[in-house]
Amino acid sequence: MAAGLTAVVVVPVGLALSDGHLASGPPALVLSTAAAALAVSALALQPLLAGSHRISWHRALGGAALALVLVHIGGLFLVEVDDTLFAMSPDGPTRARMALIGTLALIAVVILGVARARLPMSGPTWRILHAFLATLAIVLGFGHALLTDGALDGPGTAVLLGFGAAAVLAVAGAYVARARRARRAGSG
Amino acid sequence: MVRTDRPRRPWILGLVIVLITAGVAAALITSEESGTGASDVGDRADAADQPAGPDRAEASPARCEPTESNPGGTNNYIPDAPEADSLGSGFVIQGIVRTAEGCRPLDGVRIQVWLATESGGEQDNRASTFTDSEGRYRLETDPTIPQFGEPNIHVGYDDSGYREVFIRRVVDLEDTRAKIDLNLARGG
């Protein structure tokens with residue numbers, strides 16, 4: 001368990017930081033790349049925590065995932081403002097558009113989690129919306145990483161595909177587990 | 001709050017999910033893979049065996065549409081790049097510069113090139129080079145690296161006489177050369 005968890009955290013960041021695209025990169029690029037690779041691990045683990053009883057961990061890791069994504073974007077701004085603004089513009093490449101929409105979905109997921117008790121929606125509606133937006137964030141985030149040259153190519157591609165597929169399946173599993181738990185609580 | 005195992009208004013939730021999904025799909029479909037106008041200009045031919053130069057068909061094109069700047073073309077541009085024949089070795093950027101009106105090769109025109117390589121970012125790694133009597137320019141550099149997700153090259157012209165042009169093009173990681181022709185128009 002601990003070894004698997006360590007591997008999920010260490011492998012993406014290890015692969016990303018050993019890639020040649022960082023050869024002449026400033027420290028901000030290294031930081032940005034490391035944050036993005038750690039966000040990959042966080043997004044892969046999040047649905048597993050959602051399906052378990054460790055909801056406080058799930059909430060903490062969700063906030064951490066969003067913080068890592070924001071550090072990734074902030075680091076890119078420090079490296080080259082022009083390229084970052086261009087990537088986020090309507091003329092930016094597909095991978096950047098995926099990242100932008102995926103980040104918005106992740107922000108929405110975190111807001112849903114934080115404000116759950118105050119939102120005027122039923123439990124089932126909240127669960128479906130939360131799971132849908134989480135899936136969107138995962139698919140677009142991993143899609144962004146797959147289309148991005150440099151950080152996670154070669155073996156990194158296999159890691160992304162494996163982690164991404166597992167995360168999407170785990171979202172479905174977590175949804176089913178949470179819905180069953182809610183039904184039992186309602187009937188008990 | 002009363003919890004049931006179904007959303008209270010499933011059609012509203014369904015509509016929201018369908019609209020978000022359709023919006024994301026539309027946003028991705030309408031994007032260009034490498035950014036607006038950034039075509040892939042690289043190939044993997046052995047640059048050492050094939051010095052820069054057009055083939056016969058390219059030397060006398062029937063029409064010379066003016067080259068238009070594309071979004072992102074001016075990213076990280078610093079005017080008046082130092083004159084240089086080389087920014088390293090292993091990758092060749094070459095092309096022909098012609099007049100849009102009449103398709104005549106332009107002799108002695110300054111072309112500025114900048115790109116990220118292992119030896120520096122786009123603002124560090126820039127050079128001005130001049131066309132020969134046949135309108136050809138050639139610059140050898142270290143291979144470009146994907147600091148922003150995809151290896152890309154900037155070529156610009158902003159001297160007097162013709163309309164300024166700033167373009168951004170992409171190559172693949174394995175490419176060894178790129179061909180970027182410019183057709184310069186008067187006025188503007």
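Observations, loosely collected:
- Cα gyration tensor shape of the stretch A:1-83, rounded if a/c is under 1.5, else prolate or oblate by comparing a/b with b/c: oblate
- Chain A, relative contact order in percent, only Cα pairs under 8 angstrom and at least six apart counted: 29 percent
- Neighbour cut-off at most 12 other Cβ (10 Å), DSSP loop, trypsin sites (Lys or Arg not before Pro), the stretch B:83-188: B:186
- Cβ-defined net charge surrounding residue B:79, 12 Å radius [Lys, Arg +1; Asp, Glu -1]: -2
- For chain B, the alpha carbon convex hull comes to 198 Å³ per residue, rounded to a whole number.
- With Cα atoms, 0 to 90° folded angle of helix A:123-147 axis to chain A main axis: 20 degrees
- The stretch A:1-64: relative contact order in percent, alpha carbon pairs under 8 Å with at least 6 residues between: 30 percent
- Rounded to 0.05, the FRET efficiency of the residue A:54 and residue B:78 pair, given R0 = 45 Å and the Cβ-Cβ distance, is 0.30.
- Volume of the Cα convex hull of the protein assembly as shown, divided per residue and given in Å³: 154 Å³
- Diffusion of the stretch B:104-156 by Stokes-Einstein, at 37 °C in a medium of 0.692 mPa s and with Rh set to the Kirkwood radius over alpha-carbon pairs, works out to 278 µm²/s.
- Among A:99, A:137, A:165, the largest mean-square fluctuation in a Gaussian network model of chain A (Cα springs under 10 Å) belongs to A:165.
- Per-selection metrics, the stretch A:107-188 (Cα): Rg and Dmax in Å: 15.9, 53
- Highest mobility in the GNM of chain A, judged by mean-square fluctuation with C-alpha springs under 10 Å and restricted to A:12, A:120, A:93, is found for A:120.
- Helical runs assigned H by DSSP (4 residues or longer) give the protein assembly as shown a calculated mean residue ellipticity at 222 nm of -16000 deg cm²/dmol, each run adding -39500 (n - 2.57) before division by the residue total.
- Prolate/oblate/rounded call for the stretch A:1-143, Cα gyration tensor, a/c under 1.5 rounded: oblate
- Loop sites in the stretch A:1-88: chymotrypsin sites (Phe, Trp or Tyr not before Pro), DSSP, at most 13 other Cβ within 10 Å: none
Here, each number is a calculation from the coordinates, and none is a lab measurement. Not measured: the values here are computed from a predicted model. Because the Cβ atoms are built from the backbone with ideal geometry, glycine has one as well, and the counts that use them run over all protein chains shown.
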